[in-house]
Amino acid sequence: MGRDHSPEVEIRVHPQRGDQNARPVATQPRQTYQPFNRWFPWLVPTYVVINIVLFVVAMYINDCPHNSETCLGEDILGRFAFQPLQENPLLGPSASTLQLMGALEVKKVVEKRQVWRLFTCTWLHAGVFHVLANMLSLIFVGMQLERDFGFVRIGLLYIISGIGGSLLSALFVQRNISVGASGALFGLLGALLSELLTNWTIYANKLAALLTLILIIVINLAMGILPHVDNFAHIGGFLTGFFLGFVFLIRPQFGWISQRNASRGQIGTSVKSKYKTYQCVLLVLSLIILVAGFTFGLLLLLRGVDGNDRCSWCHYLSCIPTSKWRCQSQQEVYCESNQLGNQLNLTCLSNHKSMLYILPDSNNTSGLEQLCAKLCS
């Protein structure tokens, strides 16, 4: 929705000398307008609803009481009960359910060419805490951006940033499934930064706005070095959104807008170009970097390249081990199995836990990886 340009007519009274009856005289129309359009934000709330609905659907499909021995909140929630906390501390479904609904699993992307998982994983969440945190952030950041730039640009920015985050995550985190909208959210933060830089001249408190935004970004990225947080998705989404901001969030020069909106008879500022030269340069460079980055990254992923083999220190960008925790999310889990008939005995080689499972079909071991992951968690 655009702004209202209805003119306000100012009426003045000019009494004539010796004339008792003053005549109202209408002066030139005085327009009060904002230089840039404002839109009603409806797409971001729609994205929030879609994410929440998909989480509810995931819990319905998960049906913990039917598929697991113990569930959290089974008496109250029924089939919407959560997986045990030791399996999913975020209060959510099982990993197998998320895989079924489109979680990012690099093995399936590489071997079965299921590239669509780079997109679908951004709409799924691992638990209640996960989806609530992301949706609150989306409302806080996304609605303001949609008011300023409209649903088309912000909608595309959100989706493409999410895919960019998934792509970088898939190149460096190949032993775990990945879900969440955090890559897309960091894309919005990256776009805010590039929007501030490319539209620098229209801001009043430039330095304060820049320092505040950088502080918010640094704090959020720093949180990503904690274990069980996919910071590669954050970084990939942020970089994608940063370059997309130079493409989607570019604003015309203020002088050009004033000249276009000048009334007849008024002398506007003479500005020939709609955009400044540096804005056009940044737009072209950003497009080149984005196309090259997505193409190169996708080729590496489909060839099965592990980014950690090319960069021995990059795993520290996602998790830094300390005396308080270990970065187990970066390590592959291995189990030793012994099967006799329909009895399967698994031993986790990392924590040496053992468990005996009774299989409904002795020839069906399709869930072996999930059982091993649960035993080693």
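No lab work stands behind these numbers, since they all come straight from the coordinates. From a predicted model like this one, the values you see are computed outputs, not experimental measurements. Methodologically, a virtual Cβ is constructed for each residue, glycine included, from the backbone with ideal geometry; neighbour enumeration extends over all protein chains shown.
Observations on the structure shown:
- Cross-link pairs K107/K374; K112/K353; K206/K276 - those with Cα-Cα distance over 23 Å: K112/K353
- Taking other C-beta atoms within 10 Å as the exposure proxy, Y278, Y357, Y158 rank Y278, Y357, Y158 from fewest upward.
- FRET efficiency, L299 to I358 (Cβ-Cβ, R0 56 Å, nearest 0.05): 0.80
- Computed from the C-beta positions of N37 and F119 and an R0 of 45 Å, the FRET efficiency is 0.95 to the nearest 0.05.
- Taking each residue as 0.36 nm, the span from V128 to V49 lengthens on full extension beyond its C-alpha to C-alpha distance by 27.0 nm.
- Packing, as the average of other Cβ atoms within 10 Å across residues, places the peptides 207-213, 167-173 in the order 167-173, 207-213, highest first.
- In this simple spin-label model, placing a label point 7 Å from the Cα along the Cα-to-Cβ direction at both Q343 and E69 gives a separation of 1.5 nm.
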